[in-house]
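The values are calculated or read from the model by the stated rules, or taken from the named source; none is laboratory data. Owing to the predicted nature of the structure, the values given are computational and were not obtained by experimental measurement. Positions of Cβ are backbone-derived with ideal geometry, glycine not excepted, and every protein chain shown enters the neighbour counts. In case anyone asks, the SASA skips ligands and DNA or RNA and just uses the protein heavy atoms, side chains included. Shrake-Rupley method; radii C 1.70, N 1.55, O 1.52, S 1.80 Å.
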Amino acid sequence: MLKFFEPNKIFKITSRAPKYVLFLFIVVLSIGLVEALVLSPEDYKQSDAVRIMYVHVPAAWITLGIFSSITILSISGFIFKNKNFFLISKSLAPSGFVFNIIALVTGSIWGKPTWGTWWAWDARITSMLILVLFYAMYLIVWRIYEAEEKVYKISTLVTIVGIINVPIIKYSVDWWNTLHQPASINLLSKSSIHSSMLYPLLLMTAAFALFSLLIFLMKYNTELIKIKNKGLDRL
Amino acid sequence: MYGRKVKLRFLFVVIIFSTLILTTLLILKSLEENVVYFQSPTDIKLLNELEKNKIRVGGMVKKNSISINAKELNFIITDQKNEINVTYSGAVPNLFAEGKGVVAEGFLKDRNFFSATKILAKHDENYMPPEVKEALGEK
C-alpha cells in the first residue's frame, strides 16, 4: 500500500518547498493584514473590535481543520500500517495547537470589551478548551514513549476520542444557549457577514493555512532527515 | 483486496467510534440543563420550584424598557413569548442596548423578578459596516 512514498523522492520536493511557501505566506499575510486592519470598514455595533475576528476566526478554522486531518491520517495509518501518515500527523500537530491557543486568547481579548467578561463557561468556549487539552495529550504522547508502535496506537486513540469533540464545537452554538454567537458563514445559505468583511477574513485564512503548511514542511523535513540518518528505518 | 488484519483493524475503529458517539450523546442528553449557558424567560416560567442558586437568564432587552434611576437600572428581558423584569446596579458592557441580546447573572426573586449581579452583552452573528446598517434601517 502506497509504495510510492519513497523518503528520498518526498524529501526532494519537501526540502525545496519551504522557501516558496514562505514567500507566498508573506505576500498573502501582508495583503490580508492591510485589508483587515486598514481597508476593511469598522462594524456598526462593535466598531474596531471587529478586527480581532480576522485573527480569531481563521485560527479557529485552521485548528479544527488540522485536528480533523490528524485524526483521518492517524486512523488510516493505523488501519493500513502506514508509518508516513503518522509522521505527517506528528508534523501537523504543533501548528494546530498554537492556532488553538491563539483562537482562545483572541476570543478572550474580544470578549472583554463586547460581552463584558474575559471568560465564560459556555459550550463553545469550553469545548475549544477541551480541544487544546487533546492537542496537548497528542503532543505529549509523542514525547513520552520510545517504542514507535506504542506511540502510533496511543496517539491514534487520542485523536479518535478527541474528534468526537469537533462536531460538538461546531454545533454547540446551535444546540444549546451559548454566549458565543452562532456561525456567520454558511455554505448553503447567505452569510450574515458583509462582503467587505468576508474578503479580508478569507485572505487571513489563506495566510494562516500557508503558515501551517510552512511549519508542517519544516517539521516533516526534520522527520525525514532523522529517518535518513538512521539509515535502516524505512517508511 | 485488503488482508484480514486490515479489515479487522477497520472494524475495530468503527466499533470504538460507535461506542464513543453513543456514550457522548447519552451524557450530553442527560447533562443538557447544565450545558446551556443561560435560560430563557420561558424556561423560568416553566420551573417547578424557584431556583435558589445563582442562575443566568438570557434573551433580548425589550424595546423602551430600560429605566435608570440613582440606585439601579431596570429593564425587561424578553424571548418574544415571556418576559422577566431585571434590576441591576453596576456598570454594563458597551454593547448593552435595547433590542440587543443580553445575559444576566444573578438570583431569582420570584417568577417575574430577577436581581442581577452581572450583566453580559450577547453579540449576534451579523457583521456589517455602519453605512450598510443605515441603508437596511431605512427600509
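In table form, for the structure just shown:
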item	result
For A:Val27: the one exception among (1) within 30 Å of A:Trp142 (Cβ to Cβ); (2) at pLDDT 95 or above; (3) more than 14 Å from chain B (Cβ to nearest Cβ)	(1)
Single match in B:Asn82, B:Asn112 (criterion: more than 10 Å from chain A (Cβ to nearest Cβ), surrounded by 14 or more Cβ atoms within 10 Å (Cβ to Cβ), at pLDDT below 90 and within 16 Å of the chain's Cα centre (by Cα))	B:Asn82
The listed residue being buried (at least 16 other Cβ atoms within 10 Å of the Cβ) and at pLDDT below 85, out of B:Val92, B:Val61, B:Val36, B:Val102	B:Val92
Options B:Glu32, B:Glu98, B:Glu51; residue that is within 19 Å of A:Trp115 (Cβ to Cβ) and not hydrophobic (A, V, I, L, M, F, W, C)	B:Glu98
Looking only at the range A:88-108, and only at residues there that are closer than 19 Å to A:Asn221 by Cβ and open to solvent by less than 10 Å² (accessible area, probe 1.4 Å), the one that is farthest from the other protein chains (Cβ to nearest Cβ)	A:Ser95
When residues of the range B:115-135 are limited to those that are free of Cβ contacts under 8 Å to residues at least 24 places away in the same chain and more than 7 Å from every other protein chain (Cβ to nearest Cβ), the one nearest to the chain's Cα centre (by Cα)	B:Glu134
Condition check for B:Asn64: at positive phi and either polar (S, T, N, Q) or within 14 Å of chain A (Cβ to nearest Cβ) (or both)	yes
Extreme residue, farthest from the other protein chains (Cβ to nearest Cβ), among residues of the range A:154-169 that are of a type in the set (Val, Ile, Thr) and open to solvent by less than 10 Å² (accessible area, probe 1.4 Å)	A:Ile169
Among the candidates A:Thr71, A:Thr117, residue that is polar (S, T, N, Q) and in a loop (DSSP other than H, G, I, E, B)	A:Thr117
Residue among A:Val34, A:Val38, A:Val50 that is in a helix (DSSP H, G or I), in contact with a strand residue (DSSP E or B) (Cβ under 6 Å, 6 or more places away or on another chain) and modelled with pLDDT under 95	A:Val50
B:Leu46 being of a type in the set (A, V, I, L, M) and more than 17 Å from the chain's Cα centre (by Cα)	no
Within the range B:43-66, tally of residues that are over 13 Å from B:Phe114 (Cα atoms) and part of a loop (DSSP other than H, G, I, E, B)	9
Pairs, first at the interface with chain B (Cβ under 8 Å from one of its Cβ atoms) and aromatic (Phe, Trp, Tyr) in the range A:170-199, second part of a helix (DSSP H, G or I) and open to solvent by 20 Å² or more (accessible area, probe 1.4 Å), C-beta under 7 Å, six or more apart	A:Trp176/B:Val35
Listing of strands (runs of 3 or more DSSP E) fully contained in the range B:67-139 that carry 2 or more residues being of a type in the set (Ser, Thr, Tyr)	B:83-88, B:113-122
Within the range A:109-153, tally of residues that are open to solvent by 50 Å² or more (accessible area, probe 1.4 Å), within 14 Å of chain B (Cβ to nearest Cβ) and without any contact (Cβ under 8 Å) to a residue 24 or more places away in the chain	5
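For (1) in contact (Cβ under 8 Å) with a residue 60 or more places away in the chain; (2) out of contact with any strand residue (DSSP E or B) (no Cβ under 7 Å at 6 or more places or on another chain); (3) crowded, with 18+ Cβ neighbours inside 10 Å, each residue gets a yes or a no:
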residue	(1), (2), (3)
A:Phe11	yes, yes, no
A:Lys19	no, yes, no
A:Val27	no, yes, no
A:Pro58	yes, yes, yes
A:Ile72	no, yes, no
A:Phe78	yes, yes, yes
A:Phe85	no, yes, yes
